[in-house]
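Visitor: First the structure, then my questions, so here it is.
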Amino acid sequence: MSGDYSHNDSQIDSGSRYNDSHKHKEKYKEKEHKHKEHKKDKDRDKSKYSNSEHKDYSEKKHKDKEKERLKHKDGSSDKPKDKYKDKEKRKEEKLYDGRLKKEKENGFASPLHVKSEPESDDFYLSPKSLKRERDDDDSEYKPKKMKVENEDKSEKKAKKRKQEDENTKTKKKTKDKKGEVADGKKKAKKEPEEKWKWWEEERYTDGVKWKFLEHKGPVFAPPYEPLPEHVRFYYDGKPMRLSPEAEEVATFFAKMLDHEYTTKDVFRKNFFKDWRKEMTSEEKGKITDLNKCNFTEMHEYFKAQSEARKQMSKEEKQKIKEENERILQEYGFCIMDNHRERIANFRIEPPGLFRGRGDHPKMGMLKRRIRPEDIIINCSKDSKQPKPPPGTKWKEVRHDNKVTWLVSWTENIQGSIKYIMLNPSSRIKGEKDWQKYETARRLKSCVDRLRAQYREDWKSKEMKIRQRAVALYFIDKLALRAGNEKEEGETADTVGCCSLRVEHITLHPEKDGQEFVVEFDFLGKDSIRYYNKVPVEKRVFKNLQLFMENKQPEDDLFDRLNTTILNKHLQELMDGLTAKVFRTYNASITLQQQLKELTTADENIPAKILSYNRANRAVAILCNHQRAPPKTFEKSMQNLQTKIDAKKEQLADAKRQLKSAKADHRVCKDEKSKKAMEAKKKAVQRIEEQLMKLEVQATDREENKQIALGTSKLNYLDPRISVAWCKKWGVPIEKIYNKTQREKFAWAIDMADEDFEF
DNA sequence: CCTAGCACTTAGTACGACAGAT
DNA sequence: ATCTGTCGTACTAAGTGCTAGG
């Protein structure tokens, strides 16, 4: 069941959508300021309506949350695995509820794999480590102890385990070979033969994220290196030496000189204000006008530097690469519950000028340098704590295993907290990702009921409910984001569904031959423009008219609604349901549907991949994932066309040759001419194939001009759909997912078979 | 309730490495 | 071998959604 309305008509083929958000931003500037004055209207209005039928939401639900975590294996395609043998595990198993236990009895146990753990430190990876410690009575998880413990185990047991280990391994190997022939040779080198399959283990259920965490802390930005003497800054035409502090900030600006940013008033104003804060009083007295500042020498210097970097010899480059690798090995990994896991961003953000997206009021402000004293370290008590650089201290070291981050600091632009967390390939991120798709799949099974309900609610006599129902309809049909409120003046003026304002939609009782058309035009996340004309049901249309009555353009469309109210409602309809689940659900179901529709059995692999990309594109369009057309787009498109033309010529030529060969053969009828003819035939075929490949490539690229496929692939599409599709049609998974993506989706690649249904 | 703060996911872009063309 | 275009990755901003505390 794909109960998926008519996304495709309204979105995919929509010629009316245009993507050049930047061109149209100007228009929003004026609006932005106006709406602020009216912002308070919502609060005022609220008291106008009676709260009579106000529902009393009980808090019951939240307890059930944890249950849901356990559920997530239910819907997936489980494969039988080796039976459990480890006694210790058995014991632990009893701590879990029946459902889980049953699963395990089905043979969903993790194989033993310790020895081959990727490049891991033996110390932590004693054979027992095949499983995370879950006993809650003792949260002090001690690796050392474990190792000892393990060595103390009876020989018999150890041998037995070892044997099993071998068994699993051989099994695996065969399987791997089947699956990834292409990888074979690389693997032989360094790569471990087996990766940890965390998805075959049970999960924490109590909000605990880990039991053991050890890491080396962050890598700080390199200290500032003052400019050489000959590179000068000029004020009012005269050279001027700056103090190191002021100079550093000046270089930030100088580096951005050919960027459009530096011409914007807000940017310049913010920059100048913050720059002056870094100046000595003497400098402050002198430098009073940014327009009199000349950074060009600095700018040239940095350009030359980056040029020099490009011109470096192979050896130098190699050296840098090695150094980076060393840092990566040292700081880029942590030990979390017996496994060495990759950290996503172990480098602290360097200082610089804040580059907000869109019309950001804070663009150009100085993002200050982060020092060890700003840093909070999170790790387990019994781990080797990271050391701050000599002569410095951490702000704090804490041991909070209810969160996943390793390092945090507070950023000075918005005052928000930044984190260092693990890579998407890690267990902790992967589990969450998997869970997300399982929630979306649960939505699939009740979306019909839900849709029926909100349609019913369009008729409600309560304004609040009607607004909620219409908003939900948009979120479902158009995959709009929830639209939290934002603090004014702190960020660019962007909106989502609940925060839509009257000025963002236009109602057309009739437009382009369609009835009840709503025209959306607003800036969404990252100030990306959403423009769409959608025919809606009459009832929705009438409701919108009602919501807009007596309102100013700057007023909220849904004045009785916000994301909290909406999500509370959704939570009651389905456990774990929030507005964003609809995006995941609709994206994934659309992919599945489109793949079904577009893939044909007799196409070759490139054509199949084009079909996949088209399905992917349908989703990207639905979710409004845009990109700036690549700078080189036109040119590379032309080049491709040239190639195609050349190929066509070649084909025509080959065809002529074939024709004459045929004629020859008809005359001679000997072996030789027959062979010649067949050779020509083959040549034609080959060229035809090449031509087709090129043409496919051209189509694909053209259609992709300003659509970004990456975001949906990475965040919205259940990877099991893609894996199943690849298996079904014999498309190598490498054609769909690159290495990083395969690492992120290892769980899906391992567990989905060709009949996986989202 | 309401808000602020926190944790975590989702987002586009800049840039360098690398592969394929010349 | 050099050039050029593509791709992968790092980076970090900007969302969502929950919760604690007034």
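Visitor: At a 1.4 Å probe radius, which order do A:266, A:231 fall into by accessible area, largest first?
Guide: Accessible-area ranking of A:266, A:231, largest first: A:266, A:231.
Visitor: Collect residues whose amide H, placed 1.01 Å from N in the peptide plane, falls under 5 Å from the amide H of residue A:626; neighbours closer than 5 in sequence don't count.
Guide: Placed amide hydrogens put A:708 under 5 Å from residue A:626.
Visitor: Another question, if that's okay. Short version: ³J(HN,Hα) in whole Hz for each residue of segment A:701-713, in order, from phi by Karplus 6.51 cos²θ - 1.76 cosθ + 1.60 (θ = phi - 60°), x for Gly and Pro, what are they?
Guide: Residue by residue, segment A:701-713 yields 5, 4, 5, 9, 2, 10, 10, 9, 8, x, 4, 5, 4 Hz.
Visitor: Over segment A:429-587, give the accessible area per residue in Å² for a 1.4 Å probe, as an integer.
Guide: Per residue, segment A:429-587 has an accessible area of 36 Å².
Visitor: Another question, then. Return the subset of A:255/A:387; A:317/A:393; A:511/A:631; A:647/A:728; A:255/A:429; A:216/A:418 for which the Cα-Cα distance in this structure is over 26 Å, preserving the input order.
Guide: Beyond 26 Å between Cα atoms: A:255/A:387; A:317/A:393; A:511/A:631; A:647/A:728; A:255/A:429.
Visitor: Continuing with the same structure: How would you order A:195-201, A:443-449 from highest to lowest mean count of nearby Cβ atoms within 10 Å?
Guide: Per-residue mean Cβ counts within 10 Å order the peptides as A:195-201, A:443-449.
Visitor: Using the Karplus curve 6.51 cos²θ - 1.76 cosθ + 1.60 with θ = phi - 60°, what ³J(HN,Hα) values do you get for each residue of segment A:292-305, in whole Hz, with x for Gly and Pro?
Guide: Along segment A:292-305, the couplings run 8, 8, 10, 9, 4, 5, 4, 4, 4, 4, 5, 5, 4, 4 Hz.
Visitor: In percent, how large is the relative contact order of segment A:589-751, given Cα pairs closer than 8 Å and 6 or more residues apart?
Guide: Value for segment A:589-751: 32 percent.
Visitor: How large, in percent, is the carbon and sulfur part of the accessible surface of segment A:365-473 at a probe radius of 1.4 Å?
Guide: 51 percent
Visitor: What residues qualify as long-range amide H neighbours of residue A:422, i.e. H under 5 Å apart, gap of 5 or more or another chain, H built at 1.01 Å from N?
Guide: Amide H neighbours of residue A:422, under 5 Å, 5+ apart: A:344.
Visitor: A further question follows. Per residue, how much accessible area does segment A:233-311 show when a 1.4 Å probe rolls over the protein heavy atoms, in square angstrom?
Guide: 58 Å²
Visitor: Further question on the same structure: At what distance in angstrom do the alpha carbon centres of segment A:644-704 and segment A:294-356 lie from each other?
Guide: About 50 Å separates the Cα centre of segment A:644-704 from the one of segment A:294-356.
Visitor: Determine the per residue accessible area of segment A:589-751 with all protein chains present and a 1.4 angstrom probe, expressed in square angstrom.
Guide: Using a 1.4 Å probe on heavy atoms only, each residue of segment A:589-751 averages 54 Å².
Visitor: Here's something else I'd like to know. Report, to one decimal in Å, the Kirkwood hydrodynamic radius for segment A:316-423 based on all distinct Cα pairs.
Guide: Hydrodynamic radius (Kirkwood, Cα only) of segment A:316-423 equals 15.8 Å.
Visitor: Let me make sure I get this right: for segment A:279-376, a, b and c are the square roots of the gyration tensor eigenvalues over alpha carbons, sorted descending. Under 1.5 in a/c it's rounded, otherwise prolate if a/b > b/c, else oblate. Which is it?
Guide: Oblate.
Visitor: Going by the alpha-carbon gyration tensor, a ≥ b ≥ c the square roots of its eigenvalues, is segment A:589-751 rounded (a/c under 1.5) or, if a/c is not under 1.5, prolate (a/b greater than b/c) versus oblate?
Guide: Verdict is prolate for segment A:589-751.
Visitor: Which whole-Hz ³J(HN,Hα) couplings does segment A:663-668 yield from phi under the Karplus relation 6.51 cos²θ - 1.76 cosθ + 1.60, θ = phi - 60°, glycine and proline marked x?
Guide: Running phi through 6.51 cos²θ - 1.76 cosθ + 1.60 with θ = phi - 60° gives 4, 4, 5, 4, 6, 7 Hz.
Visitor: Pop out the carbon and sulfur fraction of the accessible area of segment A:589-751 as a percent, whole number, probe 1.4 Å.
Guide: Using a 1.4 Å probe with all protein chains present, segment A:589-751 comes out at 52 percent carbon and sulfur.
Visitor: Going from most exposed to least, what order do A:559, A:400 have by accessible area with a 1.4 Å probe?
Guide: The ordering from most to least exposed comes out as A:400, A:559.
Visitor: Under a Cβ-Cβ cut-off of 15 Å, what is the net charge of the residues other than residue A:312 that fall near it, where Lys and Arg count +1 and Asp and Glu count -1?
Guide: Neighbour charge sum, excluding residue A:312 itself: +1.
Visitor: Any idea what the relative contact order of segment A:429-587 is, in percent, if you count C-alpha pairs under 8 Å spaced at least 6 apart?
Guide: 28 percent
Visitor: Using DSSP to define loop residues, name the trypsin sites (Lys or Arg not before Pro) in segment A:620-714 whose beta-carbon has at most 16 other beta-carbon atoms within 10 Å.
Guide: A:627, A:631, A:669, A:705
The values are calculated or read from the model by the stated rules, or taken from the named source; none is laboratory data. Fair warning: this is a prediction, and the values are worked out from it, not measured in the lab. Positions of Cβ are backbone-derived with ideal geometry, glycine not excepted, and every protein chain shown enters the neighbour counts. Each accessible area value is taken on the protein alone, full model and side chains, heavy atoms only, with ligands, DNA and RNA left out. Shrake-Rupley method; radii C 1.70, N 1.55, O 1.52, S 1.80 Å.
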